[in-house]
Amino acid sequence: MRADPHSHADLEQGRVTHLSWVLTVDFEARCLHGEARLSLAEAASGPLTLDTRSLHIHAVTDADGRPLPFDLGTADPILGAPLTVHRDHPVGELVLRYRTATDASALLWLEAAQTASGRPFLLTQCQAIHARSIVPLQDTPRARITYDAAITVPGEMVPVMSAAPGARDGDTWRFDMPQPIPPYLLALAVGDLVPRDLGPRTRVFAEPSVADAAAWEFADVERMLAAAEDLFGPYRWDRYDAVVLPGAFPLGGMENPRMTFLTPTLIAGDRSLVNVLAHELAHSWTGNLVTNADNEHFWLNEGWTVYAERRILEALEGTEVAHQSAALARVRLEEQIARRHDAGQRTALTYDQAGLDPDAEFCLVPYEKGFLLLAAIEQAVGRPRFDRFTRAYIERFAFQSITTGDFLAFLAEQLPDHGVDLDPWLYEDGLPPSAPRFPVPRLDALGSAARDLPGTDPATWPRPQRVAETLYFLSQLPLLDGPTALALAEHIGLRGTRNAELRSAWLSLAIRAGVVEEAELEAFVGSVGRTKLLAPIVRALVASGRRDRAQDLRQRYASRWHVSTRQALATA
Ligand code: BES
Ligand code: ZN
């Protein structure tokens, strides 16, 4: 098997199978320090190379405290520095004492002013290759690990992790993850967090002032869990909890096992954005159980998860809602394919990523082209057979990290007669013309009304109902002049919406129409760190000749954003 292009690890040297982590969270120094005890599959001598990024390694010993020589290689700008430990005798356990750098790429340290509680906050984001900036290990999904942790935090602060909580001893909290996970699922958040029970095996954590709203917004999680189990088999991770983070969190959600991380921008007050929760929950099967072997096979995580998310949505809310979601995503996918094409970037589902930064490759293609491929196979063989295939796939590869080749071999074995021409999907850029389409008459009507809007009587303008409908409607508008944009916002109640997706869409439209209110723009950009909501705004500024304003906002707020957001906005 080709080695992971995003890791220095050589699995022939040995495999890390368990991490025993003892960490202190130092908010003043903005670092984590402590030790990582790595268990290896078997004791062996010889070199062992681990991934690191800007870690300060103080000492490496074996389990008996005997020092082991090590050297830190030159840092690669994307991969970080290889740490090679030299084992002159058979070693089955390594103990590394270290601390993280203040600019560790997995860490986001938030000041009191950036949180709802007015207290500092720390969160991690390890996918795809940031785990190495907080712990030295073989940072490839191929090297699955179990872990336990003892985390010491300042008094009054509460840590949550992608693991089962254990005993607490003063300010030290224990955790245990007994199932093997890829290192990108290591996760920690520390802040003023309180729990709210949602059901027998689900609860949501949030800062106190947000907790009740969060509990209301995500109350459907038990139903989602039941629907998902019905479709994909038993939930294998015991509890399913979630934590609502401060607005600076760079994502909509992150599927950290047992503890999904969520942006507070999902709290719209009407449960209209909970598909993100369904998506992260679905990763409990597609992604966390069956995992991509490396970032070249990321579509196996995300394409399958979008498919699963829409099946859950369909089970809960019906076919039209699921189809609307697919239709809106199709518009975004085609826009992104065109943009990437112009920038000379690939849009195949799998391609050589050696020398490429996973954060820079991140886009909708693995999600939505992946979804469309699975939908095409489903349409070819019929839903009942595809459902059996899906369950068999999850069962066959549970707790494994697999490549596109593994998927293809299993597909050929289980559905030999599917008849879908796979090569254009997998290896060629763009979207095959045969890609499935989902009929959504309401969106078609909204789309043509939007395209014809300028010059028509406002009394005839439609009023889209659901958020996906509004977003679709907005996506189909031509460039509007200022008065029309304002009249439209008034007509459909866009201004002052609590819905962050709609606010982002409105701000982008208002910028393009030259009627954006600068204070409103400033308030949004200053409080939200989610790349998906910020990127359209930056693009709108650049497209309307306001590159300086974009630069000014980036300069003033970049320190509040995660590195992946900073990077994405620099090239938006
Ligand atoms: N696993 C992803 C987030 C991710 C991907 C982080 C790659 C870092 C590298 C997560 O499941 C995700 O896809 N989140 C989406 C949700 C949406 C597709 C419903 C998001 O954050 O917008
Ligand atoms: Zn996902």
Taking the chain as the reference, fit the longest principal axis to its C-alpha atoms, fit the long axis of helix 500-513 to the helix C-alpha atoms, and give the angle between the two in degrees, 0 to 90, nearest 10.
60 degrees
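In what sequence, highest mean first, do 248-257, 546-555 appear when ranked by Cβ atoms within 10 angstrom? Spell out each step's value before the answer.
Numbers: 248-257: 24.4, 546-555: 15.0.
Those peptides, ordered most packed to least, come out 248-257, 546-555.
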What residues from region 84-126 fall in the zone where the backbone N is under 12 Å from a label point 7 Å along the Cα-to-C-beta line of Glu35?
94-98
Assigning unit charges at the beta carbon (Lys, Arg +1; Asp, Glu -1) and nothing else, what dipole magnitude in debye, to the nearest 20, does region 393-540 show about its Cα centre?
580 debye
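Taking square-rooted eigenvalues a ≥ b ≥ c of the alpha carbon gyration tensor, is region 236-342 rounded, prolate or oblate, where a/c under 1.5 means rounded and, failing that, a/b exceeding b/c means prolate?
Working: a/c = 1.32, a/b = 1.14, b/c = 1.16.
The shape class here is rounded.
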Answer with one residue from Ala489, Ser559, Val542: the one whose Cα lies farthest towards the positive end of the charge dipole of region 425-572, charges on Cβ with Lys, Arg +1 and Asp, Glu -1.
Ser559
Model label zone, Val321; criterion: amide N under 17 Å from point 7 Å along Cα-to-beta-carbon; scope region 251-277
266-277
The helix 208-217 Cα axis meets the longest alpha-carbon principal axis of the chain at an angle in degrees, between 0 and 90 and rounded to 10, of 60 degrees
With labels modelled as points extended 7 Å from the Cα through the Cβ direction, what inter-label distance (nm, one decimal) is found for His341 paired with Ala59?
6.0 nm
Nearest 10 degrees is fine. How inclined is helix 547-557 to the longest principal axis of the chain, computing both from alpha carbons?
40 degrees
What base-10 log of the normalised intensity I(q)/I(0) is obtained for the chain from the Debye formula, alpha carbons as equal point scatterers, at q = 0.05, 0.10, 0.13 Å⁻¹?
-0.21, -0.86, -1.48
With charges set only on the Cβ (+1 for Lys and Arg, -1 for Asp and Glu), what does the dipole of region 41-155 come to about its Cα centre, in debye to the nearest 20?
240 debye
Which net charge results when you count Lys and Arg as +1 and Asp and Glu as -1 among the other residues whose beta-carbon is under 15 Å from that of Gly46?
-4
Per-peptide average of other Cβ atoms within 10 Å, ordering 499-508, 336-345 highest first
499-508, 336-345
Residue by residue through region 490-497, the couplings from Karplus 6.51 cos²θ - 1.76 cosθ + 1.60 with θ = phi - 60°, in Hz, x for Gly and Pro, are 4, 4, 9, x, 7, 6, x, 5
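Work out how much length Arg383 to Arg201 would gain on full extension: take 0.36 nm times their residue separation and subtract the Cα-Cα distance, in nm to one decimal. Please report the intermediate quantities before stating the final value.
Working: separation 182, 0.36 × 182 = 65.52 nm, distance 3.00 nm.
Computed gain between Arg383 and Arg201 is 62.5 nm.
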If you roll a 1.4 Å probe over region 402-525 with all protein chains in place, what percent of the accessible area is carbon or sulfur?
52 percent
Karplus couplings for region 195-204 from phi (6.51 cos²θ - 1.76 cosθ + 1.60, θ = phi - 60°), rounded to Hz, Gly and Pro as x?
x, 10, 6, 10, x, x, 10, 9, 8, 10
In region 197-244, taking the dipole from +1 charges on Lys and Arg beta carbons and -1 charges on Asp and Glu beta carbons about the Cα centre, the listed residue (Phe205, Trp216, Gly233) farthest towards the positive end is Gly233
Gyration tensor on Cα atoms of region 342-455, a ≥ b ≥ c root eigenvalues, a/c under 1.5 rounded, else prolate if a/b beats b/c, else oblate, says oblate
Work through the residues other than Leu11 whose Cβ is under 10 Å from its Cβ and net out their charges, Lys, Arg +1 and Asp, Glu -1.
-1
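With both partners inside the chain, how many of the DSSP beta bridges are antiparallel, as a percent to the nearest 5?
On the way: 65 of 84 bridges.
Counting DSSP beta bridges with both partners in the chain, the antiparallel share is about 75 percent.
Starting from the Cα-Cα distance between Ala392 and Glu229, subtract it from 0.36 nm times their residue separation and give me the gain in nm to one decimal. It would help to have the intermediate numbers written out before the result.
Numbers: separation 163, 0.36 × 163 = 58.68 nm, distance 1.37 nm.
Using 0.36 nm per residue and subtracting the Cα-Cα distance, I get 57.3 nm.
The values are calculated or read from the model by the stated rules, or taken from the named source; none is laboratory data. What you see is a predicted model, and the numbers here were worked out from it, not measured in a lab. Using ideal geometry, Cβ is built from the backbone for each residue, glycine included, and neighbour counts are taken over all protein chains shown. Please note that ligands, DNA and RNA were not included when accessible areas were found on the heavy atoms of the full protein model with its side chains. Shrake-Rupley method; radii C 1.70, N 1.55, O 1.52, S 1.80 Å.
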